[in-house]
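Notes to accompany the following structure.
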Amino acid sequence: VVVRSGADLRVELCGLPLENPLMPAAGTLWREAAGGVRGVYGALLPKTVTREPRAGNPPPRVAETPAGMVNSIGLQNPGVERFLQELDDFDVGAPIFASAAGDTVDDYRYLCELFATEECIRAIELNLSCPNVKRGGLSFCAAPAAVEEVVAAAVKAAAGKPVIPKLTAEGVVENARAAEAAGASALTLVNTLPALTVDVRSRAVLVRGGLSGPAIKPVALRAVYEVSRVVAVPVVGCGGVATGTDVAEFMLAGASAVQVGSASFMRNVEEIKEEFCGYLKDSGLDARGLIKAAH
Ligand SMILES: Cc1cc2nc3c(=O)[nH]c(=O)nc-3n(C[C@H](O)[C@H](O)[C@H](O)COP(=O)(O)O)c2cc1C
């Protein structure tokens, strides 16, 4: 029996019942830490995985910025084979999603085919903020046609498993339309924003990467709001969530679930969940009622 401290937090995403709308943003929950978040998240999303192992970028890989951080981790991961061997570590009672990335459409197809045969993977997020080598290294998110091509291939390979493309803020409405047309079951919005920090002491670029944290929350909220008005599939909000009120804001903007990334380095996500629960109690709503109120 699950004892809830207050409001009913249960939601549904792509036909999957979730105990609550929270999940880790891809790349921010380490395998070693998964055991410590039992009961916290409605679904678990490990770091993005690629076909082959990746060592990631050289240091420095993170820099603090006002209300956020810039990271250039570079998709460090052990490769899909090892990822699947270690997947049990993420089994803490909540559905497990997987995040896939690659250099080519065929990489995504390959990963989705593998994930399709893994019973414990319940949905597949596509990290589309990666250079597409066949299109001169532009991000898959650089053009709706590229989004449509990769999503269509992934959906076919996933053999019925929900595919959730994760988009960048730039061009998000057109890319969202393309992803939906290609068969996406939901959309995650947004990935980090292109950013750079400079170190005046060494007179050099410190980190060239992606901005995350509260600094990007209004950008992410706008993406969720605009996209959720033009697509029929559910939207998963991501970007700057650090409090329970932030979770409510994303759901009121149109999100059906919400990811917590950078804030999980500073705060216990259980507290964010409790704050969200408190907001719902004060509003006399449950999580599904809040989603309905937003639509
Ligand atoms: C250290 C770090 C690693 C990340 N790794 C990934 C990743 O592997 N795959 C991915 O799709 N996004 C990755 N992201 C982006 C987050 O999933 C998320 O989209 C972004 O950080 C915005 O959310 P936040 O403001 O809550 O952090 C990473 C972000 C950070 C800070």
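The values are calculated or read from the model by the stated rules, or taken from the named source; none is laboratory data. Small disclaimer: the values here were computed from a predicted structure and weren't measured. As a convention, Cβ positions derive from the backbone with ideal geometry for all residues, glycine included, and neighbour counts pool all protein chains shown.
Structure values in brief
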{"item": "Unique residue being charged (D, E, K, R) and closer than 24 Å to Gly237 by Cβ when the list is Arg61, Arg54, Arg10, Arg31", "result": "Arg10"}
{"item": "Single residue of Val133, Val150 found to be among the β-branched types (Val, Ile, Thr) and under 20 Å from Ala98 (Cβ atoms)", "result": "Val150"}
{"item": "Scan of segment 73-110 for residues that are in contact with a helix residue (DSSP H, G or I) (Cβ under 6 Å, 6 or more places away or on another chain), under 13 Å from Val155 (Cα atoms) and either within 14 Å of the ligand (Cβ to nearest atom) or among the charged types (D, E, K, R) (or both), ordered by number", "result": "Ala100, Tyr108, Arg109"}
{"item": "Matching helices (runs of 4 or more DSSP H) fully within segment 142-244 where at least 1 residues are closer than 21 Å to Ile291 by Cβ and of a type in the set (Gly, Ala, Ser)", "result": "172-181, 217-230"}
{"item": "Qualifying residue in segment 210-224 (condition: touching a Pro at 6+ places or on another chain (Cβ under 9 Å), crowded, with 24+ Cβ neighbours inside 10 Å and hydroxyl-bearing (Ser, Thr, Tyr))", "result": "no"}
{"item": "Filter pass, Leu16 being more than 12 Å from the chain's Cα centre (by Cα) and either more than 11 Å from the ligand (Cβ to nearest atom) or surrounded by fewer than 20 Cβ atoms within 10 Å (Cβ to Cβ) (or both)", "result": "yes"}
{"item": "Close pairs from segment 164-192: first under 18 Å from Gly68 (Cβ atoms) and away from the ligand (no atom under 15 Å from the Cβ), partner of a type in the set (S, T, N, Q) and not in a strand (DSSP E or B), Cβ under 6 Å, at least 6 apart", "result": "none"}
{"item": "Test: residue in segment 122-129 that is within 27 Å of Ala145 (Cα to Cα), at pLDDT below 95 and within 9 Å of the ligand (Cβ to nearest atom)", "result": "yes"}
